[in-house]
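Sharing a structure with you now.
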Amino acid sequence: MSISSRNVLGRRGLLALAALVLPLTGCGGSGSADTGKASNPYGLIEAGIIRSATQTGQPPFAYAEDSGKPAGFIVDVTDEAAKRLALKVDYKSTSVTGSLAGLTAGQYDLASSGLGVTEERQKSVDFTKPLFWSTVTVLTTSKSTISTFDGFNGKRVAW
């Protein structure tokens with residue numbers, strides 16, 4: 001799932017690779033006009049460093065270690081992609097809303113998190129191919145009259 005501002009063409013190289021290896025990638029903002037393509041081939045906010053928004057409350061995908069350092073599956077994938085590109089990653093912990101807003105405002109190059117693709121989100125960001133698929137299942141007793149997910153609106157489903 002990749003996220004990118006739609007007006008920055010110099011970042012497509014990073015997006016092409018990220019589409020294969022990163023769960024949620026974004027290219028926000030625009031690089032300095034005097035930054036040459038040779039010194040910043042991926043059009044990052046800061047050459048050589050990927051600024052990555054992450055949500056640290058999504059274990060096992062992304063969570064904070066006791067030290068506060070981001071960890072998890074998506075962080076590992078992001079770190080490996082950065083390593084292969086000879087880049088460093090600077091993680092910033094934020095919310096999903098903060099990630100999306102920061103990407104479109106040019107504060108982050110990508111977001112490393114688990115984020116579902118919605119039509120509304122696709123209006124402002126681009127997504128790579130998903131790395132993880134999931135489904136939602138709810139079990140009820142045979143006496144339950146609820147037969148659709150909407151039937152659970154306003155009800156407590158776990159404790």
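The values are calculated or read from the model by the stated rules, or taken from the named source; none is laboratory data. These figures come from a predicted structure and were not determined experimentally. Neighbour counts run over all protein chains shown; Cβ positions are idealised from the backbone, glycine included. Ligands, DNA and RNA are excluded from the accessible area calculation, which covers all protein heavy atoms including side chains. Shrake-Rupley method; radii C 1.70, N 1.55, O 1.52, S 1.80 Å.
Pick out, in residue order, every one of the GluC sites (Glu not before Pro) in the range 43-135 that is DSSP loop and has at most 15 other C-beta atoms within 10 Å; say none if there are none.
The qualifying sites are Glu65.
Shifting gears a bit: Using a 1.4 angstrom probe with every protein chain in place, what is the largest-first accessible-area order of Ser52, Ser147?
Final ranking, largest accessible area leading: Ser147, Ser52.
Which FRET efficiency value, to the nearest 0.05, is calculated for Asp150 and Lys92 with the Förster distance at 41 angstrom and r the Cβ-Cβ distance? All intermediate terms of the calculation are to be shown ahead of the outcome.
Details: r = 36 Å, r/R0 = 0.88.
For Asp150 and Lys92, the calculated efficiency is 0.70.
Can you give the Rg to Rh ratio of the range 57-111, both from alpha-carbon atoms, with Rh computed by the Kirkwood formula?
Dividing the radius of gyration by the Kirkwood radius yields 0.97.
Across every pair of different alpha-carbon atoms, what Kirkwood hydrodynamic radius in Å does the range 26-159 reach?
Over the range 26-159, the inverse of the mean reciprocal pair distance is 17.1 Å.
Ranked by accessible surface with a 1.4 Å probe, highest first, in what order do Phe152, Phe132 come?
Numbers: Phe152 40, Phe132 115 Å².
Per-residue accessible area, sorted high to low, gives Phe132, Phe152.
Along the Cα→Cβ direction, 7 angstrom out, place labels at Thr137 and Ser67. What is the inter-label distance in nm?
3.8 nm
What trypsin sites (Lys or Arg not before Pro) in the range 93-159 are in a loop by DSSP, with at most 12 other Cβ atoms within 10 Å of the Cβ?
Lys123, Lys143, Lys155, Arg156
For the range 57-80 and the range 81-133, write down the distance between their C-alpha centroids in whole Å.
The two parts, judged by their Cα centres, are 14 Å apart.
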